[in-house]
Ligand code: XMP
């Protein structure tokens, strides 16, 4: 259905995923493959154009990543970005060398040819720059771009000409128009490149000739059809947690196969206040789905008794979840599939640098189920980015409250109840957590913050309430801003809001006499305390 596709080959740039997202924002489907993907796989994807990403390597160093050279014989447009540009020069007969002056950050691009890739991009500007000194009487067409490179083109490959330059790079963009090969020294995908979106649009539509057919509606219809065919007359089971990904997965699969889907919601005893009720209500009442609610809280809490080590807490909760889920799933007759909310960033065979956070904490998964119960996976979101999942959820008519929900970890409050997890401590934490979220929402900050929550510390401190001395618990409030959870900064929540949170927790939550605010960023801290 999506005939017009753009392939992004990944050479390790931190921006590779961003390139694919930018293409998709134009309703053109895009996928990422590693730089060394076999040519057959690339050809089978049938792209209308290829984008070569940037990357940290230097084309002239030993072992630098190289694609299969046959991509240049496919007769389709290719756009090289940064390392991708140097690669084109290197592989097509040009010469790349270390730049005398490395260029990082903002640069003024002077466009020499605005006929196709740069159509409608530039503004006429008077420059007080070296370029103007070189050509004092000419009017210059310029735009602001974001550079990040240490190498530069010294000799064009055959058939190429320069289409833009900067003060430091005589060749900031080059093209072989006959073959539709284009290359940029700068990054059009980042927001700091003012007309980056227009440049990519020109490539996708004018040069590759794509049509904008990839919309959420068309995605939903294609996916529903695929799921229907795949499932046939079998049954599907889906574990839901209340999070965006599992809820959207469930709603989409339900639209496709109706009651052949059973959702299982496991109450592990470390959920937030009223969580189970709210999720059940949303999916049952608004979407008429079959949901099995399993209260396994006692079972989990028993296993967690006396466990202080965070990783052990995670393992226990993960293993126990699989057991409970399995018991329930086994009761469903004819069940052959497990629907899961895996997202695209988890499946990309990326060559990009991945921060340690991806593996520092063991996140539970249900891999074991597939083997033991011989279930096959349905992952309808595996081609989507998180923001696209939100758009999809909205398109499916899901409420904002679910769509914009802050991420909540699988091990739940167990890793926010530092040290011992007991019913009493969980009650304190739940009450404090409700107040944090309530005040954040009232202040209109909920959607500006990645995650906000309360943490119960294993410390007691002295206080005075009325005439009495108290010796009670400390609650730490954590609020962070982030784009993907890999890095994060502490949220600058206004003092008045923090003041209200502190006041309310100390007054309303019995057992707490002190509230502190966590002002650490990630790295070096993590978002969760355990
Ligand atoms: P950290 O604490 O590693 O968290 O900075 C990054 C993001 O991951 C979430 N997180 C988890 N999610 N199982 C999950 O499903 C886990 O064990 C887990 N640990 C952390 C965390 O809430 C944040 O969004």
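Values in this text are rule-based calculations from the coordinates and carry no lab data. Everything quoted here is computed from the prediction, not taken from an experiment. Backbone-built Cβ (ideal geometry, glycine too); neighbour counts: all protein chains shown.
Most tightly packed first, judged by the mean number of other beta-carbon atoms within 10 Å of their residues, the peptides 463-472, 330-339 read 330-339, 463-472.
The Cα-based radius of gyration of the range 455-509, divided by its Kirkwood radius, gives an Rg/Rh of 1.09. Summary of packing: across the peptides 67-78, 52-63, the per-residue average of other C-beta atoms within 10 Å ranks them, highest first, as 52-63, 67-78.
Across the chain, Cα pairs under 8 Å and at least six residues apart give a relative contact order of 11 percent.
Here the range 422-518 is treated as a Stokes sphere of Kirkwood radius computed over C-alpha pairs; at 10 °C and 1.306 mPa s its diffusion coefficient rounds to 114 µm²/s. The length gained by stretching the chain between residue 106 and residue 294 to full extension, at 0.36 nm per residue less their Cα-Cα distance, is 62.2 nm. Averaging 1/r over every pair of different alpha carbons in the chain and inverting the result gives a Kirkwood radius of 26.1 Å.
Using the empirical formula 2.2 N^0.38 Å as the baseline, the Cα radius of gyration of the range 271-313 reaches a ratio of 1.56.
Between residue 520 and residue 119, the contour length at 0.36 nm per residue exceeds the Cα-Cα span by 139.9 nm.
Across the range 5-207, the volume of the C-alpha convex hull divided among the residues equals 108 Å³ per residue. Packing around the peptides 283-294, 202-213, taken as the average count of other Cβ atoms within 10 Å per residue, puts them in this order, highest first: 202-213, 283-294.
The Cα center of the range 200-225 and the Cα center of the range 17-87 differ in position by 18 Å.
Show log10 I(q)/I(0) for the range 365-453 at q = 0.13 Å⁻¹, two decimals, from a solvent-free Debye sum over equal Cα scatterers. Debye curve over Cα of the range 365-453, log10 I(q)/I(0) at q = 0.13 Å⁻¹: -0.69. Only bridges whose two residues both fall in the chain count here: according to DSSP, what percent of them are antiparallel, nearest 5? Bridges in the chain that DSSP calls antiparallel: roughly 50 percent.
The value of relative contact order for the range 422-518, using C-alpha pairs under 8 Å at least six residues apart, is 30 percent.
Pairwise Cα distances in the range 245-334 exceed 15 Å in 64 percent of cases. Every helix of 4 or more DSSP H residues in the chain counts as -39500 (n - 2.57), and over all residues that averages to -9000 deg cm²/dmol at 222 nm. Considering the range 216-403 at the alpha-carbon level, its Rg and Dmax are found to be 16.7, 51 Å. Full extension of the chain between residue 500 and residue 60 yields a length gain of 152.5 nm, computed as 0.36 nm times the residue separation minus the alpha carbon distance.
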